[in-house]
Amino acid sequence: MSNSPKFTDSLHSNNAKNLAIMNSFRNNDVKDHLIKWERETEDSYKSRQLNSVLYNVVEKTINTAKGMLFRKPLNWSDDLNSLFVKIASEDVDRNSTSLSEFAKEATVNSLWDGISFIIVDFPKIENGEAIVSFQQQLDSKLTPYFSHVKYSQILNRRMSGEKLTQITIDENIVEEDGEFGEKTVNQQRVLFIGGGKIYRENEVCYEWNNNLDYIPIIPVYSNKTGFLQGTPKFLPLAKLNLKHYNFLSQLDKSLFVAANPIPVIYGMPNKEEGGQVVIGVDTAITFTDKENSGFEWVEFAGTSIDKLQEEIKNIETRMTSIGLSFLTSDNKDRTATEAAIVSSSETSDLSSIATSIQWAINQAYRIWCQMMNQEAKGEITSNRDFVGALSAEQAKVYLQMQKDNQITLDQLWTELERREFIQEFDRENAKAEIEARNQSMAGIV
């Protein structure tokens, strides 16, 4: 039994190892995952840790996914609550962050850990401030705000069936310390239905109440494994990346050894004073027995280096394949025409993540409105267009397909608009002009 809010339950302790692996790639610091060879000296191991180079494919893939997901900012309908629109455009988290930027960070946290969370919180009211209007509330920043929570911050939770009744979040808060300094303070935020508490050193230092019949925390899934549960989407890629990191370190060591031949002495040379044999470009070694004594440099054969280099290339190919399978559509069962026209948002894993982002942001918006006693009108939508602008060469391919009657004129225009090659226009007028021009040309002929 534990009465400490710092207690980590089995669910989250079991995830700790996987999250630690992902966090090491996030920080570009994987030296603790470098395998120490049998009978390797501590000095040699530390030297390899210092000099080993990480080719961080995990970070590159996640950054690419982030760029594709947020190639365009969040959008919302015209009837969205006007008070929220003002906050969403300027400061949704009390740190001057727009809603789109906030959603991007929440998504990145989810891509790394498989899941992240958004809390809709309310600022602490000091000295019983009197608020008489919504504008005063906005000016005083006494409105609900959003905050991020990483999966690794969750310590424990309580459930009643499928309903969350309590959750504990580990936090590090930076506070002022003296006239100029600052300090980091560890605390635990315990949220439960109807309010919450802040613990420091197992003592309650602040508590509050609300009139909600649920806990205002929303999951952002990228790899859902259960209710409020996830596992890192790119964990298999991370483990493969660690193998690449270790093999690359082994290759560096092998190349170093191969580039430094070993001196081999046969027989017994005449030693310098002090009993040592000195080898160098300006020294000589003398032997008493020419027939049975001698000296030579022996080079490392290096036959295993080629195999090691080949395996490293194979791992790089597999890592690229894993990344591409996530970031691109699977068109293997489509015709060339269908693959060219179908929206990538319908076929890639990015679509499900975009759906999760949109759901989570809308849930947070509705909670914000409830806290403000406002009607939650309208909807916020996330980007579903993950491909970039069409190049001139790519446009020529579509034009040729339309010329060959592989796609219709409307399909061509739809794709050119979607890929930002042309702006939206009145298609019916355009068709009428084309028809009139064709009839005119026919008359000339």
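The numbers here are math on the coordinates, done by the rules we state, and not lab data. Just so it is clear, the structure is predicted and the values come from calculations on it, not from any experiment. Using ideal geometry, Cβ is built from the backbone for each residue, glycine included, and neighbour counts are taken over all protein chains shown.
Placing R0 at 30 angstrom, the Cβ-Cβ distance between S82 and T355 gives a FRET efficiency of 0.70 after rounding to 0.05. The gain in end-to-end length when the E207 to R318 segment is fully stretched comes to 34.9 nm, 0.36 nm per residue minus the alpha carbon separation. Between R437 and S89, what is the label-point separation in nm under the 7 Å Cα-to-beta-carbon projection? Between S89 and R437, the simple spin-label model gives 3.9 nm.
Take the Cα of K239, go 7 Å toward its beta carbon, and the backbone nitrogen atoms of the stretch 4-24 under 17 Å from that spot belong to 14-24. A simple spin-label model places the labels of S10 and Y45 3.2 nm from each other, with each point 7 Å out along Cα-to-Cβ.
Phi angles across the stretch 433-438 convert, under the Karplus curve 6.51 cos²θ - 1.76 cosθ + 1.60 with θ = phi - 60°, into 3J(HN,Hα) values of 5, 5, 4, 5, 5, 5 Hz, Gly and Pro given as x.
The slack in the chain from N75 to K377, taken as 0.36 nm per residue of separation less the alpha-carbon distance, amounts to 107.3 nm.
Residues whose amide H comes within less than 5 Å of that of D93, counting only those at least five positions distant or on another chain, are F146 (H built at 1.01 Å from N in the peptide plane). Between D404 and S160, the simple label model (points 7 Å from Cα in the Cβ direction) yields a spacing of 6.5 nm.
Can you give the net charge of the other residues whose Cβ lies under 14 Å from the Cβ of R200, counting K and R as +1 and D and E as -1? Local net charge: -2.
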